[in-house]
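**Q** Pasting a structure below so you can have a look.
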Amino acid sequence: MGTIIKAQDLSLNKPSGLLKPIIYCSSYINIEANATSINTILAKKLIKYEESRRTMQVEKCFNQVLSSFHDNVIIKDFDVMFNPAYKVDVLKIMILAYKKKPFSVIWPGKHENGKLIYAEKGCPDYKVFNVSDYDVTCIV
């Protein structure tokens, strides 16, 4: 389901026309400067809920934050979503949110062998996502 595109093969004029979340895994263009950090905003929304209820609120809070930005916003710094206490599938949340509002993300980890990796092996927030299992487009 997922697609991996090499940066040099991507048309810079139409990255939003891919009809699924775009995940930038490399900084081939200066997208970082145009990206919006959401970690603090999202954490402030989640902290309002009791710890035991935050897992159920991650998706709702993410959608609220996303709705406050223009279409096709590029977001970065969403590490709070990887909190191991939340037990959520971050990519699934993003795919569902994309159906309501188009956006792209700068992946806060690395891409290797068709997998998106967050954190280092052995860390409590370590996660591996097989790109082929998700309806996303990764730009590497």
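Every number here is computed from the coordinates shown, using simple stated rules; none is lab data. All values reported here derive from a predicted model rather than from experimental measurement. Here Cβ is always computed from backbone atoms with ideal geometry, including for glycine, and neighbour counts include all displayed protein chains.
**Q** Work out which GluC sites (Glu not before Pro) in the chain are exposed loop sites (DSSP not H, G, I, E or B, at most 13 other Cβ within 10 Å) and give the longest gap free of them.
**A** Value returned for the longest uninterrupted segment is 51-119.
**Q** Looking at segment 80-140, which chymotrypsin sites (Phe, Trp or Tyr not before Pro) are DSSP coil and have at most 16 other C-beta atoms within 10 Å of their C-beta?
**A** Working: sites: F82, Y86, Y98, F103, Y118, Y126, F129, Y134; in loops: Y86, Y126, Y134.
Taking segment 80-140 and a limit of 16 other Cβ atoms within 10 Å, the loop chymotrypsin sites (Phe, Trp or Tyr not before Pro) found are Y126.
**Q** Then there's this: Taking the alpha-carbon set of the chain, what are its Rg and Dmax in Å?
**A** Computed over the Cα atoms of the chain, radius of gyration and Dmax are 14.5, 46 Å.
**Q** Something else now. How much of the DSSP bridge set in segment 3-139 is antiparallel, in percent, rounded to the nearest 5?
**A** Just about 35 percent of them are antiparallel.
**Q** Report the calculated FRET efficiency for E112 and N39 (r = Cβ-Cβ distance, R0 = 25 Å), to the nearest 0.05.
**A** Efficiency for this residue pair is about 0.60.
**Q** Between E32 and N83, with labels modelled 7 Å along Cα→Cβ, what's the label distance in nm to one decimal, could you check?
**A** According to this spin-label approximation, the distance is 2.6 nm.
**Q** What does the helix-only formula give at 222 nm for the chain: each DSSP H stretch with n ≥ 4 adding -39500 (n - 2.57), the total divided by the residues, and the result rounded to the nearest 500 deg cm²/dmol?
**A** Estimated from H runs of four or more residues: -7500 deg cm²/dmol.
**Q** A follow-up question, please. As an exercise, identify the trypsin sites (Lys or Arg not before Pro) in segment 49-140 lying in DSSP coil whose Cβ has no more than 16 other Cβ atoms within 10 Å.
**A** Those that pass, being in a loop and sparsely packed, are K87, K99, K100, K121.
**Q** Hey, rough spin-label estimate for S68 and T3, points 7 angstrom out along Cα→Cβ, what's it come to in nanometres?
**A** The modelled label-to-label distance comes out at 3.2 nm.
**Q** Which of K60/K121; K60/K99; K60/K100; K6/K99; K76/K101; K48/K110 have a Cα-Cα distance over 21 Å? Walk me through the numbers before you get to the answer.
**A** Working: K60/K121 29 Å; K60/K99 14 Å; K60/K100 12 Å; K6/K99 24 Å; K76/K101 16 Å; K48/K110 31 Å.
With Cα atoms farther than 21 Å apart: K60/K121; K6/K99; K48/K110.
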